[in-house]
1. Can you compute the label reach from ARG151? Point 7 Å from Cα along the Cβ direction, backbone N cut-off under 20 Å, restricted to the stretch 258-293.
2. Would you mind telling me the share, in percent, of accessible area of the stretch 49-286 contributed by carbon and sulfur at probe 1.4 angstrom?
3. Taking a probe of 1.4 angstrom, what is the accessible area of THR153 in Å², to the nearest 10?
4. Kindly report the accessible area of the stretch 49-286 per residue (heavy atoms of protein chains, probe 1.4 Å, no ligands, DNA or RNA), in Å².
5. Please list 3J(HN,Hα) in residue order for the stretch 171-182, calculated via the Karplus relation 6.51 cos²θ - 1.76 cosθ + 1.60 where θ = phi - 60°; whole Hz, with x for glycine and proline.
Amino acid sequence: MLMTILLAGCTTPMPPTPTPPPTATATPTPIPTPTATPTPVPTPTPAAEPAGTAIPAAIRQTANIETYRMQLSLRGSGLVGGFNLGNTTTDLLSLDGQFAGADVSFTLRGFLAAFLGADVTRGLQAMTVGGVSYVRGPLTFLGAPDDVWYRLTPEQSVIATPPTQVDTTLSAVNRAGADFSRFTIGTTAERDGVQCQEYVGDREATTALFASLGAIGLPTQLPDSTVTDAAAQIWVCEDGYLRQLTVTFSGTATDAQGQAQPFSFALDVQLSDINEDIRLTPPADARDLPTPGSGTP
């Protein structure tokens, strides 16, 4: 027994299990700093051309268009153009027309159209296509009793002539030499799907424009001293064409008895479908006008 213990004491002891080295702590990957989103630089808005050059250039260019649609409204109250319309604003003239070279189709409504015997609601409907003019009845002053299209004689074709057209109207304004330099630059907006620049006229600028419009037959013979308020807006578009003209006036005018009477006046002209493909077709069922005294349709 003692021998066994001694032998055991002489046995070489087992080396101790080495302590494992500490695992290295991973260095955290730095979170990248987000790149700042660059602030977009706004595209500079082109400076609007001064009214004194932009408007006359647009008038000259627009005067040469061949195809277009025109919508014109002329409204007034009080003493306007020799008519005493009373206190209620009246539609003096409303024109909706399509123009394609020498061909034209239009509807004329309002106070002035009623003088021609046109239906108050439907108005006077007329067209000229291929050199032949037509008008829709009934029109008692022509002896056209039915609701059909009538073919006009060359002598009667003046009835199918619209009261205003772009070429004659704007050419007259251009010749009148209106001073647009006093118009100021207004807002921008779309007209007929085209971006346009507004030019605004105050009382003095509008009065000068109004005088030039009188040269083309509009009822504008009003002394400047009677005008208490006036304004105008002209829209010139990026394609160089004029798309809208609005003129408003109010004040007092002297009647035939020498009494001062209030008046107001508003003209609005809009052009669209400029240089589009507009084709007008003559009515297929047009009749000749009855011979006076014949009683035949």
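1. 280-293
2. The C+S portion of the solvent-accessible surface of the stretch 49-286 is 49 percent.
3. Near enough 60 Å² of accessible area.
4. Accessible area per residue, the stretch 49-286: 47 Å².
5. 3J(HN,Hα) across the stretch 171-182, in whole Hz: 5, 5, 4, 4, 5, 5, x, 4, 8, 9, 5, 8.
The values are calculated or read from the model by the stated rules, or taken from the named source; none is laboratory data. Here the structure is a predicted model, which means the values were calculated and not measured. In this analysis, Cβ positions are derived from the backbone assuming ideal geometry, glycine residues included, and neighbour counts consider all displayed protein chains. All accessible areas refer to the heavy atoms of the entire protein, side chains included, with ligands and DNA or RNA removed. Shrake-Rupley method; radii C 1.70, N 1.55, O 1.52, S 1.80 Å.
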